[in-house]
1. Out of VAL65, VAL90, VAL59, VAL149, I need the residue that is within 26 Å of GLY25 (Cα to Cα) and either open to solvent by 30 Å² or more (accessible area, probe 1.4 Å) or among the aliphatic types (A, V, I, L, M) (or both). Which one?
2. Considering the stretch 122-147 alone, what residues qualify as being more than 17 Å from the chain's Cα centre (by Cα), aliphatic (A, V, I, L, M) and away from ligand 3 (no atom under 16 Å from the Cβ)?
3. With (1) within 19 Å of GLY12 (Cβ to Cβ); (2) assigned to a loop (DSSP other than H, G, I, E, B); (3) touching a Cys at 6+ places or on another chain (Cβ under 8 Å) as the list, and ARG88 as the residue in question, which single condition is left unmet?
4. Return the residues of the stretch 166-190 that are modelled with pLDDT under 95 and not charged (D, E, K, R); say none if nothing qualifies.
5. Six or more apart or on different chains, Cβ under 8 Å: which pairs go from a residue in the stretch 1-26 that's farther than 16 Å from GLY126 by Cβ to one that's within 6 Å of ligand 1 (Cβ to nearest atom) and in a helix (DSSP H, G or I)? Could you list them?
6. Taking the options GLN48, GLN16, GLN42, GLN28, name whichever one is open to solvent by 30 Å² or more (accessible area, probe 1.4 Å) and under 27 Å from LYS194 (Cα atoms).
7. Look through the stretch 152-171, keep the residues that are closer than 15 Å to ARG123 by Cα, in a helix (DSSP H, G or I) and open to solvent by 30 Å² or more (accessible area, probe 1.4 Å), and return whichever of them is nearest to ligand 3 (Cβ to nearest atom).
8. Six or more apart or on different chains, Cβ under 8 Å: which pairs go from a residue in the stretch 60-71 that's closer than 12 Å to LEU83 by Cα to one that's aromatic (Phe, Trp, Tyr)? Could you list them?
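The values are calculated or read from the model by the stated rules, or taken from the named source; none is laboratory data. All values reported here derive from a predicted model rather than from experimental measurement. Every residue, glycine among them, receives a Cβ derived from its backbone with ideal geometry; neighbour counts consider all protein chains shown. Just so you know, the surface numbers come from the protein's heavy atoms only, side chains and all, with ligands and any DNA or RNA stripped out. Shrake-Rupley method; radii C 1.70, N 1.55, O 1.52, S 1.80 Å.
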Amino acid sequence: MNIILIGPPGAGKGTQARILEETYGIVQLSTGDMFRAAIRDQEPLGLQAKALMEAGNLVPDDLTVQMLEARISKPDCAKGFILDGFPRTVPQAEALDRVLEAQNKKLDAVIEITADESALIERIAGRFTCASCGAGYHDAFKPTQKDGVCDSCGSQEFLRRSDDNAETMKTRLQAFHTQTAPILPYYKAKGILKEVDGMAEVQTVAKEIKEKLNSAILRYATG
Ligand code: ADP
Ligand code: ADP
Ligand code: ZN
């Protein structure tokens with residue numbers, strides 16, 4: 001199963017992608033995580049992306065598409081993937097169609113996760129992740145069970161993203177509205193767009209996504 005999660009920063013894409021990975025045994029492909037890894041490893045791509053990301057602007061389409069194409073061609077994506085944070089522009093959506101067609105793959109569903117703007121800012125402000133396994137947390141909504149210790153792997157090191165601040169968040173939200181939201185009609189026209197209320201609790205959102213995915217698969221299987 002190949003799916004896309006679309007939503008503004010903080011909507012819960014990463015959180016839900018991790019749940020779906022476990023449920024369906026498919027991989028999460030987060031272009032944001034890939035760029036952050038390239039920055040950390042001081043790759044040329046990271047150098048090109050760094051300033052743009054820190055300002056909350058999108059990385060150019062050609063760089064992003066090349067990176068995603070290389071990743072999606074790897075054997076671990078054969079069983080299926082969850083795109084988290086890609087595509088983010090109409091040209092990226094069109095490029096994705098070409099990449100998938102060349103690989104004889106198709107999209108099963110595009111899940112739009114919606115959330116109120118005030119909630120997004122609160123979620124971003126409290127977000128942190130385990131430096132070792134990448135598990136996601138929130139100061140108020142999902143603290144670690146034991147203070148300062150990752151529930152999943154026991155690590156005591158955590159990361160906060162430098163772009164998760166109020167100032168950059170404004171630019172990122174604007175980028176979502178002007179550059180990313182226009183891809184929703186593109187998928188709606190293909191009949192694969194499903195909307196999910198991201199304001200509910202994490203497990204409720206997960207349940208709603210799975211119900212929508214299961215009906216999408218069923219519809220596909222029965223023609
Ligand atoms: P995105 O990948 O869309 O930017 P994340 O999945 O990283 O969003 O979630 C942003 C923050 O909000 C994280 O700290 C996460 O723990 C928290 N969060 C995610 N989903 C919910 C939810 N449904 N209710 C409350 N907090 C949430
Ligand atoms: P969030 O989950 O909070 O929306 P991401 O981790 O997906 O954030 O993205 C962080 C930043 O990485 C974006 O603000 C942008 O600069 C860059 N980025 C990630 N994915 C893309 C993409 N598909 N196209 C262009 N830039 C991207
Ligand atoms: Zn961990």
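1. On the way: VAL90 fails: within 26 Å of GLY25 (Cα to Cα); VAL59 fails: within 26 Å of GLY25 (Cα to Cα); VAL149 fails: within 26 Å of GLY25 (Cα to Cα).
Result: VAL65 is the single residue among VAL65, VAL90, VAL59, VAL149 that is within 26 Å of GLY25 (Cα to Cα) and either open to solvent by 30 Å² or more (accessible area, probe 1.4 Å) or among the aliphatic types (A, V, I, L, M) (or both).
2. Scanning the stretch 122-147 gives ALA125, ALA140.
3. Result: ARG88 fails condition (3) only.
4. Hit for the stretch 166-190 is ALA166, nothing else.
5. Short answer, once both residue conditions are applied: LEU5/LYS13; ILE6/LYS13; GLY7/LYS13; GLN16/VAL202; GLN16/VAL205; ILE19/VAL202.
6. Working: GLN48 fails: under 27 Å from LYS194 (Cα atoms); GLN16 fails: open to solvent by 30 Å² or more (accessible area, probe 1.4 Å); GLN42 fails: under 27 Å from LYS194 (Cα atoms).
Answer to the check: GLN28.
7. Checking each candidate, the answer is ALA166.
8. If the second residue must be aromatic (Phe, Trp, Tyr), the pairs left are LEU68/PHE86.
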